Amino acid sequence: MPFLNSTNIDRNRIDLGSANLISLEKYAQIKKGRLRPMDIVMTTRGTIGKVALFNDRRYSTGLINAQMLIMRADGRTLDQLFLFYYLCSRVFQDLVRNFASGAAQPQIPIRDLIDVPVSYPPLSTQRRIVAILSAYDDLIENNTRRIAILEEIAQNLYREWFVHFRYPGHEDVPLVDSPLGPIAKGWEPLRVESLVNRLPAGNTYRQSTVSKTGSVPVIDQSRSIVLGYHSNEPDHKAAPDAPIIIFGDHTCKIQLMIEPFSLGPNVVPFTCKQDLPVSYLYFLVSDLVETHEYKRHWTELMNKEVVVAPRPLAVQFEAFVAPIFQQAYCQVRKNAVLRRTRDLLLPRLISGQLDVSDLPIDTGGSDG
């Protein structure tokens, strides 16, 4: 079962891929903090007010740690999904910070949270608002699944050719011994450092210096791809025929960029030093290191050894995966637009600035 902590919440989503897991036996011993489907979880210490829905097809339950709490609407006067969107809104986020205490480690005890005022319209209006906002989230989720499928297609092709050595023409190439085990004849074991051309980071943008709109995305090292936007000159002019790889020094996130961008803190951009396609290098170095603690991982990545294929085969691979990357990144950009639109609508809907009385009620709305 997943055991959640605050680091598993990012941009109002729960990343169960990074969550700790506990056994069923251990879960049975812990009675408090048990999750149900559609529960709202919120952080109450450190980065307070991070909110997400527990809504995952793989798990019907889980646990939270002591720095989080679970919220459930009564369903009679307050809709569960409306409560979720309300907690995500700037209206609530500003309120909760006013009730927080502690400078080094801000926290908001439950006894103080109870005093935070919540304003909400009639249930029928709540469900109209939920219908609007959840439509955006449904589209984002569908696009996210498409991205995952496209990435899996490219990853499976890479694994077939370069891990299992079942590439076109492999029948005529024998395997030979190497320090990294049996490899195809003509392939070469090399340190990653010998392949990488590290680029200057350029300007470093932070949350306080980016906007929700702009012409240039700012890429950070979190699980979300885009920190925000600006309309200055991009620091890196990536393109489909000139991609750039970025590496999150603390989180080990690796992303292939095919459009102009700038960077947030602790993100390293690089291309290929040798005459190999950048998209091939991207798969070659992906998953070589992973984060288990908050530290820098760039040197660890550079010291890894990999088996490098001949350039003609790497170029042939790039011809297959380049269109896949373009399709996937198109979905990424669609999601960015959808999130921006939803986030602009959210405060206006929650505050009542936008009239939704003429919209039909979604009869499939949450009952809390």
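Each reported figure results from applying straightforward, stated rules to the coordinates on display, with no laboratory input. None of the values given here were measured: they were computed from a predicted structure. Counting neighbours? That spans all protein chains shown, and the Cβs are built from the backbone with ideal geometry, glycine included.
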For LEU354, placing the label point 7 angstrom along Cα-to-beta-carbon and taking the stretch 202-234, residues whose amide nitrogen sits under 20 Å are 212-214
Contour minus Cα-Cα span, LEU344 to LEU175, at 0.36 nm per residue, comes to 55.1 nm
Interchain or sequence-distant (5+) residues whose placed amide H lies within less than 5 Å of the amide H of GLY228 are VAL218
Using the Kirkwood formula on alpha carbons, the hydrodynamic radius of the stretch 156-309 in angstrom works out to 16.8
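Return the FRET efficiency for the residue pair ARG191, VAL315: r is the Cβ-Cβ distance, R0 is 25 Å, and the value is rounded to the nearest 0.05. Numbers along the way, then the final one.
Values: r = 22 Å, r/R0 = 0.89.
So, using R0 = 25 Å, E works out to roughly 0.65.
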Calc'd 3J(HN,Hα), the stretch 133-148, phi into Karplus 6.51 cos²θ - 1.76 cosθ + 1.60 (θ = phi - 60°), Hz, glycine/Pro = x, comes to 5, 5, 4, 5, 5, 5, 5, 4, 5, 4, 5, 5, 5, 4, 4, 4
One can check that the equivalent ellipsoid of the stretch 2-119, built from the alpha-carbon gyration tensor with semi-axes equal to the square roots of five times its eigenvalues, has lengths in Å, largest first, of 23, 17, 13
Largest-first semi-axes in Å of the equivalent ellipsoid built from the Cα gyration tensor of the chain are 42, 23, 21
So, with points 7 Å from each Cα along the Cβ direction, the ASP10-SER60 label distance in nm works out to 3.0
By the mean-Cβ-within-10 Å protection proxy, highest first, 156-166, 15-25, 109-119 rank as 156-166, 15-25, 109-119
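Need the full-extension length gain, THR213 to ILE114, defined as separation in residues times 0.36 nm minus the C-alpha distance. One decimal, nm.
32.2 nm
Give me the percent relative contact order of the chain, please, defined on Cα pairs under 8 angstrom at least 6 residues apart. Mind showing how you got there, number by number?
On the way: 603 pairs, mean separation 65.2, N = 368.
Normalised by residue count, the contact order of the chain is 18 percent.
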Scoring the stretch 35-85 by relative contact order with C-alpha pairs under 8 Å, at least six apart, yields a percentage of 41
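Which FRET efficiency, nearest 0.05, do THR204 and GLU233 yield, Cβ-Cβ r, R0 22 Å? Before the final figure, lay out each step's value.
Values: r = 15 Å, r/R0 = 0.66.
E(calc), rounded to 0.05, equals 0.90.
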Within the stretch 1-72, DSSP-loop trypsin sites (Lys or Arg not before Pro) with at most 10 other C-beta atoms within 10 Å are LYS31, LYS32, ARG57, ARG58
Excluding residues fewer than 8 positions from LYS295 in its own chain, the aspartates and glutamates with Cα under 13 Å of it are ASP249
Ranked output for segments 196-202, 180-186 by mean other Cβ atoms within 10 Å, highest leading, reads 196-202, 180-186
Taking a straight Cα-to-Cα line shorter than 27 Å from LYS212, and setting aside same-chain lysines fewer than 8 residues away, one finds LYS50, LYS237, LYS253, LYS334
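Give the relative contact order (percent, whole number) for the stretch 140-327; include only Cα pairs under 8 Å separated by 6+ residues.
Details: 319 pairs, mean separation 44.5, N = 188.
Relative contact order for the stretch 140-327 comes out at 24 percent.
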